[in-house]
Amino acid sequence: MSEPVVLLLSGPNLNLLGERDPAVYGAETLADHVAVASAAATERGLALEHVQSNHEGDLVDAVHAARGRCAGIVVNPGAFTHYAWAVHDALATFDGPIVELHLSNPAGREPWRHTSVVAPVADGTIAGFGGAGYRMAVHAVADLLEA
Ligand code: DQA
């Protein structure tokens, strides 16, 4: 039997991690974070799939494709966090644990980052722990799946 799949979704500009504002987002690349998330998934008997897009509709499509197929979702929606209601609505149709993830702590940054339209449809949020958050988020999904 194949392992349950956790979908890791990465929103806009996260493809530039490593180059983009390292003082805020760290020196690791997105590939580094995906490797950490994959290792955590393996540890918990899960498989990890990763989708990154700079386009809102691609993230909506990825959530639709996960419905009935993936066990859980970890989502760092990037700036879509703060206004992308279509991502909110898509996630609301997903029947499984959803963990919102941020490298930085948006609550401690500019006021426009204080609102998350994803938070109301997530089981919880991990923010401000840098790359360690990727490991934490996968473990949070695994814990919720086991609960
Ligand atoms: C981010 C926080 C968002 O406010 C920002 O737009 C990002 C990255 C984070 O991981 O800290 O692109 O989601």
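The values are calculated or read from the model by the stated rules, or taken from the named source; none is laboratory data. What you see is a predicted model, and the numbers here were worked out from it, not measured in a lab. Please note: Cβ atoms are built from the backbone with ideal geometry, for glycine as well, and neighbour counts cover all protein chains shown.
Exactly one residue out of A35, A27 is among the hydrophobic types (A, V, I, L, M, F, W, C), at pLDDT 95 or above, part of a helix (DSSP H, G or I) and more than 24 Å from F94 (Cα to Cα), and it is A35.
Against the test of being surrounded by fewer than 19 Cβ atoms within 10 Å (Cβ to Cβ) and closer than 23 Å to V118 by Cα, the options V63, V74, V34 yield a single qualifying residue, V34. When each of A47, A41 is tested for being touching a residue at least 24 places away in the same chain (Cβ under 8 Å), crowded, with 18+ Cβ neighbours inside 10 Å and of a type in the set (A, V, I, L, M), the lone residue that passes is A41.
Being closer than 22 Å to A35 by Cβ and modelled with pLDDT of 95 or more is a property that D143 has. Going by the conditions given, is E49 among the acidic types (D, E), within 14 Å of the ligand (Cβ to nearest atom) and modelled with pLDDT of 95 or more? Here the answer is no, as E49 does not meet what is asked. For segment 105-121, indicate whether the set of residues that are surrounded by 14 or more Cβ atoms within 10 Å (Cβ to Cβ) and away from the ligand (no atom under 15 Å from the Cβ) is non-empty. Yes, because at least one residue in segment 105-121 is surrounded by 14 or more Cβ atoms within 10 Å (Cβ to Cβ) and away from the ligand (no atom under 15 Å from the Cβ). Just one of the listed residues (F80, F129) is assigned to a helix (DSSP H, G or I) and within 12 Å of the ligand (Cβ to nearest atom), namely F80. Within the set V99, V75, the sole residue that is within 24 Å of Y25 (Cα to Cα), more than 10 Å from the ligand (Cβ to nearest atom) and β-branched (V, I, T) turns out to be V99. Just one residue in the set A31, A92 is more than 10 Å from the ligand (Cβ to nearest atom), touching a residue at least 24 places away in the same chain (Cβ under 8 Å) and not acidic (D, E); that residue is A92. Of everything in segment 1-27 that is away from the ligand (no atom under 12 Å from the Cβ) and under 19 Å from I126 (Cβ atoms), the residue that is surrounded by the most Cβ atoms within 10 Å (Cβ to Cβ) is V6.
One residue alone among F129, F80 is of a type in the set (F, W, Y) and more than 21 Å from V51 (Cβ to Cβ), and that residue is F129. Of the residues making up segment 83-93, those that are in a loop (DSSP other than H, G, I, E, B) and either touching a strand residue (DSSP E or B) at 6+ places or on another chain (Cβ under 6 Å) or β-branched (V, I, T) (or both) number 1.
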